[in-house]
Amino acid sequence: MVEDWFELFLAQNLVIDGLIYPLVYESFDAEGQKHGGAAISMLSEFMSEWFADHSRWTDTVIKGAAAESEANTARLADWFATWRDNAATALRPLSAYVLGDAGDAAVDAAVATLNARADKLGLAV
């Protein structure tokens with residue numbers, strides 16, 4: 001059980017959302033369009049727009065917390081790495097189910113994008 005509210009904030013808003021949204025609304029969506037799912041893309045477009053706004057807010061909060069002290073930065077980086085690895089592992093079977101052989105590459109791309117984002121926030125990854 002996770003007791004630190006800020007760890008949960010980082011896990012959900014930075015890591016889990018940071019992996020799921022690009023995977024579902026980019027990679028899975030592109031695959032769906034190949035099979036006639038263009039209407040679903042239009043219906044869920046607002047989710048991508050929301051994610052962009054939500055990411056800016058989340059990044060500001062995380063960056064501010066990391067800037068407060070080296071201890072904060074180290075703790076946040078540790079939490080980030082743990083949650084990123086766990087979430088990526090959990091998403092691989094779903095991604096393989098939806099994307100087949102391209103599933104691992106899609107998760108790897110989402111992780112790379114998330115790592116770059118964390119680096120900009122001051123979290124060494």
Test: residue in segment 73-85 that is farther than 17 Å from Leu114 by Cα and over 16 Å from the mean Cα position of the chain (by Cα): yes
Residues that are exposed (fewer than 12 other Cβ atoms within 10 Å of the Cβ) and under 16 Å from the mean Cα position of the chain (by Cα), drawn from segment 25-49: Glu49
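Kindly indicate which of Gly64, Gly100 is loosely packed, with under 14 Cβ neighbours inside 10 Å and over 19 Å from Tyr21 (Cα atoms).
That would be Gly64, the only listed residue that is loosely packed, with under 14 Cβ neighbours inside 10 Å and over 19 Å from Tyr21 (Cα atoms).
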Count of residues meeting criterion [of a type in the set (Asp, Glu) and either surrounded by 18 or more Cβ atoms within 10 Å (Cβ to Cβ) or within 9 Å of the chain's Cα centre (by Cα) (or both)] in segment 1-24: 1
Scan of segment 3-43 for residues that are among the aliphatic types (A, V, I, L, M) and free of Cβ contacts under 8 Å to residues at least 40 places away in the same chain, ordered by number: Leu8, Val24, Ala30, Ala38, Ala39, Ile40, Met42, Leu43
Filter result (within 19 Å of Glu7 (Cα to Cα) and among the small types (Gly, Ala, Ser)) within segment 73-115: Ala74, Ala77, Ala81, Ala87, Ala88, Ala90
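Residue-by-condition table, conditions (1) in contact with a helix residue (DSSP H, G or I) (Cβ under 6 Å, 6 or more places away or on another chain); (2) closer than 30 Å to Tyr97 by Cβ; (3) outside any helix (DSSP H, G or I); (4) not polar (S, T, N, Q):
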position	(1), (2), (3), (4)
Ser27	yes, yes, no, no
Met42	no, yes, no, yes
Glu49	no, yes, no, yes
Ala74	no, no, no, yes
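Read the figures in this text as sums done on the coordinates, not as results from a lab. The structure presented is a predicted model; accordingly, all values stated were derived computationally and were not measured. For neighbour counting, all protein chains shown are included, and Cβ atoms are generated from backbone atoms with ideal geometry for every residue, glycine included.
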